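Notes follow the structure.
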Amino acid sequence: MHKYKIITMSLVFAATLFVSCDNNDNSSKSPDFTGTFVQQDQMARPAINTVFIASGTPKDAFNSAIPSAMGANYQSIFQSRLLALNAGYTTNALGQTAAQLTGLLATDVLNVKKTGKTTFFDGTNVLTGRALADDVIDVELLLIFGGPAGTSNAGLTSDHVNANDKAFGASFPYLATAW
């Protein structure tokens, strides 16, 4: 019930902003909240559900799953897919077995570390959040294909996109404007 309240409040806030952005100050538009609203996507960790969950009904179910139930419901599916992608998987650079890694990834939430470094992975800290400059795809590829030392399958451990096309800004929202 709590998640529906949060989703509803978010939608109301977004609709209020959208309606208030009209150039016509005399507008009498009001938002229409009729219908059924459901969560459509899980993307705390980019590309994870794209790689590990089949399209169609399984992906729709995963994307609308409650995070606390994701691990139990999807870990075995993630593990089967991991071993299909990398049949030689033993452990990764974090020392995680296939069951440990897929148990972590199957719960697609973005963790937040209240103290210390916020990063996707920096060699020591892992999944303590995500900084803008974190190369999340390379980290995911390294954990899936890099083996225990992170050096196996060198051709599969990086997407070779090593920088943004524009620098981050010095003030909020920090992201560069689109092209």
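The values are calculated or read from the model by the stated rules, or taken from the named source; none is laboratory data. Predicted, not measured: the structure shown is a model, and the values here were computed from it. Here Cβ is always computed from backbone atoms with ideal geometry, including for glycine, and neighbour counts include all displayed protein chains. Side chains are part of the model used for accessible areas, which takes the heavy atoms of the whole protein and leaves out ligands, DNA and RNA. Shrake-Rupley method; radii C 1.70, N 1.55, O 1.52, S 1.80 Å.
Descriptive notes on the structure:
- Over segment 48-95: Rg over Rh, Cα atoms, Kirkwood Rh: 1.01
- Where trypsin sites (Lys or Arg not before Pro) fall in DSSP loop in segment 101-179, at most 10 other Cβ within 10 Å: Lys114
- Gain upon complete extension [Tyr174, Ile66; 0.36 nm per residue less C-alpha separation]: 35.8 nm
- Karplus-derived 3J(HN,Hα), 6.51/-1.76/1.60, for each residue of segment 48-55, Hz, glycine and proline x: 5, 6, 5, 7, 9, 10, 5, 6
- Inter-site label distance for Val51 and Ala167 at 7 Å from Cα along Cβ, in nm: 3.2
- Once backbone amide H atoms are built at 1.01 Å from N, Phe121 has Leu127 as its partners under 5 Å, excluding neighbours fewer than 5 places away on the same chain.
- Ser171 accessible area, assembled protein chains, probe 1.4 Å, Å²: 80
- Calculated over segment 40-166: convex hull of Cα atoms, volume per residue (Å³): 123
- Ranked packing of 88-96, 73-81, most packed first, by mean Cβ within 10 Å: 73-81, 88-96
- Probe 1.4 Å, all protein chains present, accessible-area order of Ile137, Ile53, largest first: Ile137, Ile53
- Given R0 = 25 Å, the distance between the Cβ atoms of Asp32 and Asn73 translates into a calculated FRET efficiency of 0.15.
- In order along segment 150-166, the phi-based Karplus estimate (6.51 cos²θ - 1.76 cosθ + 1.60, θ = phi - 60°) of 3J(HN,Hα) comes to x, 10, 6, 6, 3, x, 10, 9, 8, 8, 6, 9, 9, 7, 6, 6, 9 Hz; Gly and Pro are listed as x.
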